[in-house]
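The values are calculated or read from the model by the stated rules, or taken from the named source; none is laboratory data. All figures in this text were calculated on a predicted structure; none of them were measured in a lab. All Cβ positions, glycine included, derive from the backbone under ideal geometry; neighbour counts span all protein chains shown. Ligands, DNA and RNA are excluded from the accessible area calculation, which covers all protein heavy atoms including side chains. Shrake-Rupley method; radii C 1.70, N 1.55, O 1.52, S 1.80 Å.
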Amino acid sequence: MPALRTALLQSSGHPGDVARNLKALDEAAGRAAAAGAGLLIAPELFLTGYAIGDGVRRLAEPADGPGGRAVADLAAAHGLAVLYGYPERAGDAVFNSARLVGPDGAELANYRKTHLFGDFERASFTPGDTPVVQAELGGVRVGIMICYDVEFPENVRAHALAGTDLLLVPTAQMHPFQFVAEALVPVRAFESQLYIAYVNRTGPEGDFDFIGLSCLAGPDGTVKTRAGRGEELAFGEVDPELLAASRTTNPYLGDRRPELYTPLT
C-alpha cells in the first residue's frame, strides 16, 4: 500500500472572516495537491477563528451548511481529502467540531470535541459524547480528535483498540503548553502505535498566543515532520509498512492485561 502524503496547514487564517478562511483553505489545497498530498489538515476552528468571543456561536452552522458545502467543493476541485475545524450548530447546541470530506467532496466523518478546555470553551460549546470517530481514506483507517482530547491517554488508546492508523488532531495549542506538541504527542503515537497529525494555529489571537509546532509523529516515536512557529504548509508521509513493522516490534496492544485496569473506570 502506498504512503499517504499528508499536508499540515499551520495557520490561524483570518479570525471572524469565513470567506477569507475558505479562500486560504482553497489556496492551501491547491498547493497540497500540487505537491502530491492526498490529505490536507487545517487547525481547530479554522473556518471561523478561535478567539472571536460570541462570534463563534454567531458563525456556527450545520455540518452541511454553506461553509461545509464550500469545503466539499474545493476538496473535489483539487482531488484531495480535507479535514477542517468549525463550530457546528445542531438545534440549540453548538459543538467544537472537525469534519473530514473526501477527494470527491463527500462527507467521510464529523467529530465533536469531547473534552472542552478552559472557561471560554465550556461557555461556548456543548461537549460531544462519541470518543471514536473513524473513516477509511486510501486504505488508511483515519480517526479524529481535537486538541485537548489527545492529552488523555485513554482517548488515544481507545482509537488504537478500534484500529485507527492515523489520528488527525486539529488543535489550538497556546503558550505555555508547547511541551504537548514537542513531547506528549510523539509519546502518544508510540504508546498506542499509530500516526498522529497534530495541526496547530499560530501567533497572537485575542488573549491567546498560539505556538505552532505542528507535527506528524510516527508509531516509532519519531517526528516525521515538524513546523516552526509561523504560517506554514508542512508535509509528511504516513507509511503503512512502517506502521506494520512498528506494531510487530512494539506489541503494546497485544501485551495489555485489561483485567488489571478495571479500577480506572
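Some points to look at:
- Whether a residue is open to solvent by 10 Å² or more (accessible area, probe 1.4 Å), farther than 13 Å from TYR50 by Cα and in contact with an Asp or Glu (Cβ under 9 Å, 6 or more places away or on another chain) was assessed, and ARG122 does not pass this test.
- Verdict on ILE211 being without any contact (Cβ under 8 Å) to a residue 60 or more places away in the chain, among the aliphatic types (A, V, I, L, M), touching a Lys or Arg at 6+ places or on another chain (Cβ under 9 Å) and more than 20 Å from GLY143 (Cα to Cα): yes
- Of all residues in region 68-101, those being farther than 18 Å from ALA7 by Cβ and in contact with a helix residue (DSSP H, G or I) (Cβ under 7 Å, 6 or more places away or on another chain) number 5.
This table checks each residue for (1) in contact with a strand residue (DSSP E or B) (Cβ under 7 Å, 6 or more places away or on another chain); (2) at pLDDT below 95.
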| position | (1), (2) |
| --- | --- |
| ALA24 | no, no |
| ALA28 | yes, no |
| GLY36 | yes, no |
| ASP54 | no, yes |
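- The single condition from (1) open to solvent by 20 Å² or more (accessible area, probe 1.4 Å); (2) in a loop (DSSP other than H, G, I, E, B); (3) farther than 24 Å from ALA3 by Cβ; (4) among the charged types (D, E, K, R) that ASP104 fails is (3).
- Within region 153-191, considering residues that are crowded, with 24+ Cβ neighbours inside 10 Å and of a type outside the set (A, V, I, L, M), the one nearest to the chain's Cα centre (by Cα): PRO170
- Considering region 25-43, the residues that are assigned to a helix (DSSP H, G or I) and in contact with a Phe, Trp or Tyr (Cβ under 9 Å, 6 or more places away or on another chain) include one that is nearest to LYS113 (Cα to Cα), namely LEU25.
- Only residues that are of a type in the set (Asp, Glu) and without any contact (Cβ under 8 Å) to a residue 24 or more places away in the chain were counted in region 102-135, giving 2.
- Breaking point among (1) closer than 27 Å to LEU100 by Cα; (2) in a helix (DSSP H, G or I); (3) open to solvent by 70 Å² or more (accessible area, probe 1.4 Å), for GLU237: (2)
- Among residues of region 151-163 that are of a type in the set (Lys, Arg), those with a Cβ under 6 angstrom from a residue that is open to solvent by less than 30 Å² (accessible area, probe 1.4 Å), sequence gap 6+ or separate chain, pair up as ARG157/SER192.
- Taking region 1-32 as the range and being of a type in the set (Gly, Ala, Ser), surrounded by fewer than 20 Cβ atoms within 10 Å (Cβ to Cβ) and touching a residue at least 24 places away in the same chain (Cβ under 8 Å) as the test, the residues that pass are ALA3, GLY16, GLY30.
- For region 52-65, taking the residues that are assigned to a helix (DSSP H, G or I) and either in contact with a Lys or Arg (Cβ under 8 Å, 6 or more places away or on another chain) or under 13 Å from GLU88 (Cβ atoms) (or both), the one that is least open to solvent (accessible area, probe 1.4 Å) is identified as VAL56.
- Some residue of region 44-51 being open to solvent by less than 10 Å² (accessible area, probe 1.4 Å), part of a loop (DSSP other than H, G, I, E, B) and aromatic (Phe, Trp, Tyr): yes
- Region 136-152, residues that are aliphatic (A, V, I, L, M) and either more than 28 Å from ALA244 (Cβ to Cβ) or under 13 Å from the mean Cα position of the chain (by Cα) (or both): VAL142, ILE144, MET145, ILE146, VAL150
- The residue that is nearest to the chain's Cα centre (by Cα), among those in region 74-101 that are aliphatic (A, V, I, L, M) and in a helix (DSSP H, G or I), is ALA75.
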